[in-house]
Structures are given as structure tokens and as C-alpha cells.
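The structure appears below as C-alpha cells.
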């Protein structure tokens, strides 16, 4: 059987929703990590993620289930379970079933995101998601803009873009290949610092892209030069070979609401279109275990060593090349960089 990539689903913190999208008492079916899950918010306001199926006779909580106080209620026979998955009530019995348990996933709600911890062996979290000041300061930063994408490629192929400076010139038509100042890792944390020139209608603007990653599912990216823009990038595996990517943006308040909106939306639109340019590359590329790198390529080897720590089951290294199982056509996207940048094929 052809294998699309050597990677299993990584473990870590992953976004499963925006906080504003889950009201108290709401129950939603979700599918991540190759599993059926249920997302719900109890009446005290806490968000939870559990295995989707009732241990009684297998009904899916996400289809007809409801919240009663701080319990989730099965739609089939009314059995109730608390946030730890313990059976708290059987409406037609005087006893609960102590063996009936719904597996919960650890959940954190921070920066306007609902994050769930996934580990294939059920291990507890070994790091936390930080509070990002820019997304918790409405006086100095704009209301958030959000984008979401379904990508038919493994998590690591998407994440590798962060250290691939050269592709910005040739895929996104930035004015120059960004200058990578540093790439440092420390346990689950990875930090990238880079200088970037942005083409605009008024000429090239000097800027920066600085990124901090906290495991495979959560990154904070700071763009400066045109307007200070802050991005939380969250990449959640659906399966080992597909991901759901969510972006949350905010822009430094410039004191003019109309200007905030115009400049901020333009920058967000550019990043959004760049993802559309990346998507066909990600979905149609092969994974090469031993790529033939140029001496000026980014720190791919260092990134891959960092990424390898998040695979609890290990990595299948039986092949040197992993081919895409299905190729997909696409239409080129006309981004601002393509419009105002110079032709990279002339380099």
C-alpha cells in the first residue's frame, strides 16, 4: 500500500474552535486526530472535549446530546457524564455505572481559542499555551479577523514552510529571499527571526517576520514594516495526511478606525492568498527523507529534528520518497506580492 508520508499524527495542543463560536450549553460533533469527538460547553462556561460515543450503547453525543448543568447527556437513554467522563446519573436506575467512562481530552481556553491536548497514549500535557498579550488588549489592538483552511497534506509539510525562506521569493513573489537571522529550539518551543522586504504600490518596504512555535499546533507570528500585524496560526491534524488550519489576526490600533480596517484587511488578505499559493505545493509534493539542499537553504535538518519529538509512535523511515496519493489541479492566485514584486524567474 502506498504511504503518503512517514508521519503519524503528532501530539500537542491543537485548536478545535474559537471561543466565541461555542455558547454555554452547546454540543458539537468534531473529528480530529483520526477520532470522533464531541465539543461542549457546560452551563458554568467551561469548554470540554470528550470521546464521541456513549459507553452504554454507542450513541454519538454530538447528534442530539445536550447539557444538563455541568454534565453532558446522551441522546439515546439519558445517561449523564461529567467533565472527567464519569457517569453521574442513569434516569431509570438508582445506581450509576462506575465502569462506564467517556474519555476526556485536556482542554485550555486561552487567547480566544479552545485548545485540546492530543496524545495517542493518553499522556498528560508537558507544556502549556501562553497568553499572547496582543490578543488580550482590545484598547491597543483591533478586533480579530479569522481564516480557516482544509489542507490535504501532513502537518510537517505545512510547518516546514517556516524555515523555507527561499519559497517566499518563488511562490509568493516577495522582493527578495527573506534573511533568516536565527532559528532556535528549546524542547517544544521553536523561535524564528527573519528580515523580509515587502513589495507595495509605493515601493519596497523593509520589514520583519518573527515566529514562536509552541509544539506542532500553535504559533505566534509577528509581522512588522507595513503595519504591526499579529497572527496566531493553529494547525490541527484531521488525519495523518490532512489538517485543518486556522488563522487569527489582530493589528496594532493606529488611532483611526477606518485606517485600521483598510490596512489590516489588506494585510490579512495578502496572507490569506499566500496560503492559497502554498496549498497546491503542499498537496502535490512528495516528502523526501534526504532532500538535496542548497548551501543557502534554511535549517531544514534542525527543524526536522525538532519536529520528530512530537511523534509518540515514531516515524516510518522505510522509504526515501513518499509520493502523494492524489494530485490536484489549481488556478494561480494573484497576490499583492505577485502584482507589485519583480519576476523571480529573472533571478
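The values are calculated or read from the model by the stated rules, or taken from the named source; none is laboratory data. If you're wondering where the values come from, they're calculated on a predicted model, not measured in any experiment. Cβ coordinates were reconstructed from backbone atoms using ideal geometry, including for glycine residues, and neighbour counts include every protein chain displayed.
Of the residues making up segment 253-273, those that are surrounded by 14 or more Cβ atoms within 10 Å (Cβ to Cβ), out of contact with any strand residue (DSSP E or B) (no Cβ under 8 Å at 6 or more places or on another chain) and over 17 Å from residue 224 (Cβ atoms) are 261, 269, 273. Counted as qualifying within segment 73-125 are the strands (runs of 3 or more DSSP E) with 2 or more residues that are within 17 Å of residue 15 (Cα to Cα), namely 107-110, 113-118. Of the listed requirements (1) surrounded by fewer than 19 Cβ atoms within 10 Å (Cβ to Cβ); (2) in a strand (DSSP E or B), residue 243 misses just one: (1). If the condition is being part of a strand (DSSP E or B) and surrounded by fewer than 21 Cβ atoms within 10 Å (Cβ to Cβ), then segment 30-66 contributes 30, 31, 35, 36, 51, 53, 60, 66.
The condition (being at pLDDT 90 or above and under 22 Å from residue 109 (Cα atoms)) is satisfied by just one residue among 189, 150: 189.
For residues that are modelled with pLDDT under 95 and part of a strand (DSSP E or B), scanning just segment 223-240, find the one that is surrounded by the most Cβ atoms within 10 Å (Cβ to Cβ). The extreme case among them is 229.
Return a yes/no flag: does segment 152-168 have any residue that is surrounded by 17 or more Cβ atoms within 10 Å (Cβ to Cβ) and more than 23 Å from the chain's Cα centre (by Cα). Looking for residues that are surrounded by 17 or more Cβ atoms within 10 Å (Cβ to Cβ) and more than 23 Å from the chain's Cα centre (by Cα), one finds none in segment 152-168, hence no.
Selection of segment 181-210 for residues being closer than 23 Å to residue 118 by Cα and in a strand (DSSP E or B) yields 185, 186, 189, 190, 191. Mind telling me which of the residues 69, 12 ends up being in contact with a strand residue (DSSP E or B) (Cβ under 9 Å, 6 or more places away or on another chain), buried (at least 19 other Cβ atoms within 10 Å of the Cβ) and at pLDDT 95 or above? The conditions single out 12. Of note, residue 295 does not satisfy the criterion of being surrounded by 15 or more Cβ atoms within 10 Å (Cβ to Cβ) and assigned by TED's automatic domain parsing to the domain that holds residue 163.
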